[in-house]
Amino acid sequence: MKPYSIYIDKWSQGLAKLLQKYDIYAPIKHENYLDYELLTPGSVSAVVYNQPKPSTPLKAFFFPVKENVVRETSKRTKVVIGAPSCDLQALKLLDRIFLEGEYLDTYYQKAREETIVIGTDCLDIQEHCHCTTYGIEPYPTENCDISLAIWDQKVMLQPLTAKGEQFINELDAHDLFHGEIDFTDLLQKRESVRQRLKIHNQNLPDNEKTREGVIKAEDAIWKKYAATCVSCGACAAICPTCHCFLLIDRQGFEKIKNWDTCQYPAFEKVAAGEDPLKKLYNRLANRYFCKFVYKPDMFGEIACTGCGRCIEACIGKINKNEIITEICQHL
């Protein structure tokens, strides 16, 4: 599919018109954080592009914090603008978990089908970004309908699916340029960001070495870092790949799917009272085994995309990258 370009003011005008048909979410800056908001005609011009990264992971649009899985809801098609590559990579794992195999999650499937995902380049980096350590590029390559980048006051749009091209074609054709576009400057910027990330994380072990370190790590390491853990579950809630949930029955034949996490006490407690993860340090270790050992073995995908949100959200100031560096230092 050939790319499109449109001047940013025309793009904003086009989005404002499309609000009549779609629920459009995009990142907006508030003091010291960036997060998705449902756009209104007045907020379209405030959208922040090509900056890492919205506080809310992309998974929340398809796997909500709470969801009634009995009652059908009628919703308009959603458009999510500004998904970073780390979150898009997480969709590959979530799709395999919820859409493939014996058990199909029809609610997740419906949400995926009724959402247009527009991924964006990260043209800057943050302190804890480390996607390239795990082989992920800091720009969209898959798992989205459109790749978007702002350059020289123009919005570069690369459709990756028929759904994405259809959305682009709903913009005013007179404002769109469709054909050969010179991406030289953008490609150079992408390479610059990639190199900055590699230099910034040059001492961080890759996923294969991390896997080995996690398997060989002794309890003393997990006990050391678990000392400040309060089992709040923020690391799982903010993670783009964590997907554990509870089903809660309520009156009126309501069944609620609610986020859960292995960091909560009693997560694995069974009726007989046994609890393999009773000790806090075992729960911390389990998180890393899940990310770097269990999920790759089960689904062929690493369950960490290097977004760094867990480091930023941790009340106990537990730095995932410090743990990985320490457990791998003697390998």
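The values are calculated or read from the model by the stated rules, or taken from the named source; none is laboratory data. Bear in mind the structure is a predicted one, so any value in this text is a computation, not a measurement. FYI the Cβ positions are ideal-geometry reconstructions off the backbone, even for glycines, and counts take in every protein chain you see. Side chains included, ligands, DNA and RNA excluded: accessible areas come from the protein's heavy atoms. Shrake-Rupley method; radii C 1.70, N 1.55, O 1.52, S 1.80 Å.
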Segment 201-216, residues that are surrounded by fewer than 18 Cβ atoms within 10 Å (Cβ to Cβ) and out of contact with any Gly (no Cβ under 9 Å at 6 or more places or on another chain): Q202, N203, E208, K209, E212, I215, K216
Subset tally (residues that are farther than 12 Å from Y288 by Cα and open to solvent by less than 30 Å² (accessible area, probe 1.4 Å)) for segment 311-323: 5
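The rows are residues; the columns are (1) of a type in the set (K, R); (2) loosely packed, with under 13 Cβ neighbours inside 10 Å; (3) more than 19 Å from K223 (Cα to Cα).
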position: F253; (1), (2), (3): no, yes, yes
position: I256; (1), (2), (3): no, no, yes
position: W259; (1), (2), (3): no, no, yes
position: Q263; (1), (2), (3): no, no, no
position: A266; (1), (2), (3): no, yes, no
position: A272; (1), (2), (3): no, yes, yes
position: R283; (1), (2), (3): yes, no, no
position: R287; (1), (2), (3): yes, no, no
Test: residue in segment 40-63 that is at positive phi and of a type outside the set (S, T, N, Q): no
Qualifying residue in segment 77-87 (condition: in contact with a helix residue (DSSP H, G or I) (Cβ under 7 Å, 6 or more places away or on another chain) and assigned to a loop (DSSP other than H, G, I, E, B)): no
Of residues in segment 19-34 being within 23 Å of E113 (Cα to Cα) and within 25 Å of the chain's Cα centre (by Cα), the one surrounded by the fewest Cβ atoms within 10 Å (Cβ to Cβ): D23
Qualifying strands (runs of 3 or more DSSP E) (wholly inside segment 92-183; at least 1 residues being open to solvent by 10 Å² or more (accessible area, probe 1.4 Å) and of a type outside the set (A, V, I, L, M)): 146-151, 154-159
Tally of residues being at pLDDT 95 or above, out of contact with any Cys (no Cβ under 9 Å at 6 or more places or on another chain) and of a type outside the set (A, V, I, L, M, F, W, C) across segment 266-287: 1
Residue, most open to solvent (accessible area, probe 1.4 Å), within segment 184-200, restricted to residues that are in contact (Cβ under 8 Å) with a residue 40 or more places away in the chain and within 22 Å of E142 (Cβ to Cβ): K198
Any hit, segment 160-180, residues being touching a residue at least 24 places away in the same chain (Cβ under 8 Å) and among the polar types (S, T, N, Q): no
Condition met for C239 (within 23 Å of the chain's Cα centre (by Cα), in contact (Cβ under 8 Å) with a residue 40 or more places away in the chain, within 28 Å of C304 (Cβ to Cβ) and open to solvent by 50 Å² or more (accessible area, probe 1.4 Å)): no
Some residue of segment 38-57 being of a type in the set (A, V, I, L, M), over 23 Å from I125 (Cα atoms), open to solvent by less than 60 Å² (accessible area, probe 1.4 Å) and outside any helix (DSSP H, G or I): yes
Subset of segment 58-84 (residues that are open to solvent by 10 Å² or more (accessible area, probe 1.4 Å) and either touching a Gly at 6+ places or on another chain (Cβ under 8 Å) or of a type in the set (D, E, K, R) (or both)): K66, E67, R71, E72, K75, R76, K78
Residues satisfying the stated conditions in segment 1-27, i.e. in contact with a Phe, Trp or Tyr (Cβ under 8 Å, 6 or more places away or on another chain) and under 26 Å from I238 (Cβ atoms): Y25, A26, P27
